[in-house]
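Undergrad: Here's a structure for you.
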Amino acid sequence: MSQRAGNRSLSLGAFVHETGQHVAAWRHPDAYAESGQNFSHCVEVARTAERGKFDLLFLADSSAVGMMGTAESRGRMGKVVKFEPMTMLAALAAVTTHLGLVATSTTTYNEPYTLARQFASLDQISGGRAGWNLVTSNNEAEAFNFSRDQHTAHADRYDRAVEFADVVTGLWDSWEDDAFLRDRESGLYFDADKIHALNHKGKYFSVRGPLNVPRSPQGRPVLVQAGASSTGRELAAKTAEVVFTAQTTYEQAHEFYTDVMNRLPRYGRTPDEVRIMPGLYPVVGRTMAEAQEKFDYLQSLIQPSVGLSVLAHTIGVPNLDQYPLDGPVPEMPATNGPLSRQILMLEAARRDNLTLWELCLLNAGPRGHLLTIGTPEHIVDIMEHWFRNEAADGFNVMPAWLPGSLDDFVELVVPELQRRSLFRTEYEGTTLRDHLGLPFPTHPARRTQNAASAAE
Ligand SMILES: Cc1cc2nc3c(=O)[nH]c(=O)nc-3n(C[C@H](O)[C@H](O)[C@H](O)COP(=O)(O)O)c2cc1C
């Protein structure tokens with residue numbers, strides 16, 4: 001059993017897409033089909049996650065409408081419009097009190113100063129509940145919205161991401177925690193010794209700083225990272241406090257977990273500073289039969305052209321309609337987009353001898369994440385096994401459709417986790433770091449002072 005799991009509570013993120021994770025979610029009769037355009041639905045979902053004592057709400061993102069699918073599927077895709085995540089989370093901060101708020105933001109088509117400022121502001125607005133999910137963009141179409149004519153190459157994206165993350169974290173340390181005096185008597189608003197310009201000059205960025213937002217209530221917003229190739233894992237080991245990953249089997253997840261943890265010492269880091277949270281796609285029923293029925297029903301709503309188009313997005317290969325649906329999954333060209341996911345899905349197809357359509361069906365809901373169908377006890381058995389045996393520190397729960405699948409999880413699975421003392425019954429702290437049990441990052445100036453006084 002993992003030493004790390006010990007007495008700790010596992011972590012839960014609510015990973016919510018507009019209408020749900022499943023490609024046909026919007027066709028479910030009880031789903032909020034217009035969720036990507038209706039803020040009150042988002043409020044309801046966030047409050048449900050908070051009622052379930054989730055650590056965080058997690059928003060994926062892409063700054064482009066996915067156009068990789070077939071022409072026939074275009075008007076049939078449910079997840080094409082959504083709110084910009086920072087705007088939405090700032091609004092949700094005002095109607096929630098404890099829930100962590102994590103937004104995805106790419107290092108490929110942003111500037112670090114803007115991004116550092118946005119997340120530092122969200123952290124202030126929410127009282128220390130912000131997290132940044134660092135990605136390098138899996139949607140190649142983003143390039144066309146940012147004055148480029150092609151997507152930046154995988155290796156170059158990561159090269160830029162490493163420097164980007166350094167600049168952002170450096171800017172978040174612009175002010176020491178107690179820099180602001182606001183002393184009317186002396187007339188001193190802040191202590192000028194406690195502001196630090198960054199003066200960064202690197203390969204991609206030249207940023208002087210300091211940031212015009214004070215240090216965050218939790219030191220720095222929590223840094224989440226999603227990217228699973230070897231380069232992605234290295235970036236995770238260097239920077240991430242939470243690693244979001246897609247794994248289909250315990251063996252894969254355990255390999256990923258140990259590999260990332262083993263890379264930490266190179267950066268002077270320890271496992272206590274990192275939480276690994278794979279995606280979990282749960283289909284919950286009071287009986288196995290009920291859960292299976294729920295799963296089958298959503299699968300029956302998949303339109304062939306949509307299933308194929310969403311697979312094209314997941315594995316980053318266009319024009320899948322040139323292959324027969326009932327034939328074996330053909331050899332595919334490597335993608336410059338979601339490379340690790342492509343490898344994962346194609347491995348699953350080869351391992352289980354799937355036809356192209358069977359791969360579409362497998363992809364339609366979990367999209368390469370852990371699929372569990374069954375009673376709360378059955379689902380918690382799997383979660384507990386992963387948690388206690390170094391495959392996960394928690395899970396990003398991916399409700400198939402909203403609001404129903406999140407309601408099911410909160411009403412049925414959370415109580416079972418609590419009954420086994422695997423999950424909190426109340427929030428004990430107020431910040432996202434508190435929930436995740438992550439250390440407060442000491443300001444670099446304070447670290448230097450502490451080291452100096454220890455040497456005296
Ligand atoms: C679990 C997971 C979630 C991701 N979520 C997003 C996302 O929301 N938006 C995005 O642009 N890229 C996302 N990415 C893409 C990565 O940042 C990266 O560009 C892509 O996966 C290729 O890198 P890799 O081969 O190291 O995984 C995600 C990747 C993973 C593994």
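Undergrad: Check A64, A46 and return the single one that is among the hydrophobic types (A, V, I, L, M, F, W, C), surrounded by fewer than 19 Cβ atoms within 10 Å (Cβ to Cβ) and within 19 Å of the chain's Cα centre (by Cα).
TA: A64
Undergrad: Something else about it: Kindly list, by first and then second residue, each pair from a residue in region 432-444 that is buried (at least 18 other Cβ atoms within 10 Å of the Cβ) to a residue that is of a type in the set (S, T, N, Q) and not in a loop (DSSP other than H, G, I, E, B), limited to pairs with Cβ atoms under 9 Å and residues at least 6 apart or on different chains.
TA: Note: pairs meeting the criteria are L432/S126; H435/S11; L436/S11; P441/T169.
Undergrad: Just name the residue that is nearest to N139 (Cα to Cα) out of those in region 317-360 that are basic (K, R) and away from the ligand (no atom under 16 Å from the Cβ).
TA: Step by step, filter region 317-360, then rank; the result is R350.
Undergrad: Report whether or not E163 is surrounded by fewer than 23 Cβ atoms within 10 Å (Cβ to Cβ) and more than 12 Å from the ligand (Cβ to nearest atom).
TA: Yes, satisfied.
Undergrad: Since G429 meets every condition but one in (1) assigned to a helix (DSSP H, G or I); (2) in contact with a helix residue (DSSP H, G or I) (Cβ under 8 Å, 6 or more places away or on another chain); (3) not charged (D, E, K, R), which condition does it not meet?
TA: With (1) assigned to a helix (DSSP H, G or I); (2) in contact with a helix residue (DSSP H, G or I) (Cβ under 8 Å, 6 or more places away or on another chain); (3) not charged (D, E, K, R) applied to G429, the lone miss is (1).
Undergrad: Moving on to the next point. Consider region 192-235. How many of its residues are crowded, with 19+ Cβ neighbours inside 10 Å, within 16 Å of the ligand (Cβ to nearest atom) and charged (D, E, K, R)?
TA: Selection size over region 192-235: 1.
Undergrad: Continuing with the same structure: Within the set of pairs 6+ apart or on separate chains, which have a first residue in region 331-353 that is outside any helix (DSSP H, G or I), a second that is of a type in the set (S, T, Y), and C-beta atoms under 8 Å apart?
TA: Note: pairs meeting the criteria are G337/S137; P338/T314.
Undergrad: For the condition touching an Asp or Glu at 6+ places or on another chain (Cβ under 8 Å), modelled with pLDDT of 95 or more and under 24 Å from L438 (Cβ atoms), what is the one hit in L280, L264, L235, L211?
TA: L264
Undergrad: If you don't mind, another one. State all residues of region 236-265 that are within 12 Å of the ligand (Cβ to nearest atom) and charged (D, E, K, R); if no residue qualifies, say none.
TA: none
Undergrad: To continue, here is another question. Please find, within region 253-291, the residue that is surrounded by the fewest Cβ atoms within 10 Å (Cβ to Cβ) out of those that are polar (S, T, N, Q) and free of Cβ contacts under 8 Å to residues at least 60 places away in the same chain.
TA: Step by step, filter region 253-291, then rank; the result is T270.
Undergrad: Among A120, A90, A116, A103, which is the only one that is of a type in the set (A, V, I, L, M, F, W, C), part of a strand (DSSP E or B), farther than 24 Å from G404 by Cβ and modelled with pLDDT of 95 or more?
TA: A103
Undergrad: Here's another thing I want to ask about it. Restricting to region 143-201, what's the tally of residues that are of a type in the set (S, T, N, Q) and either in a helix (DSSP H, G or I) or touching a residue at least 12 places away in the same chain (Cβ under 8 Å) (or both)?
TA: The number of residues fulfilling the criteria is 4.
The values are calculated or read from the model by the stated rules, or taken from the named source; none is laboratory data. Bear in mind that the values here come from a model prediction, so they are computed numbers and not experimental data. So basically every Cβ, Gly included, is an ideal-geometry build from the backbone, and we count neighbours across all protein chains shown.
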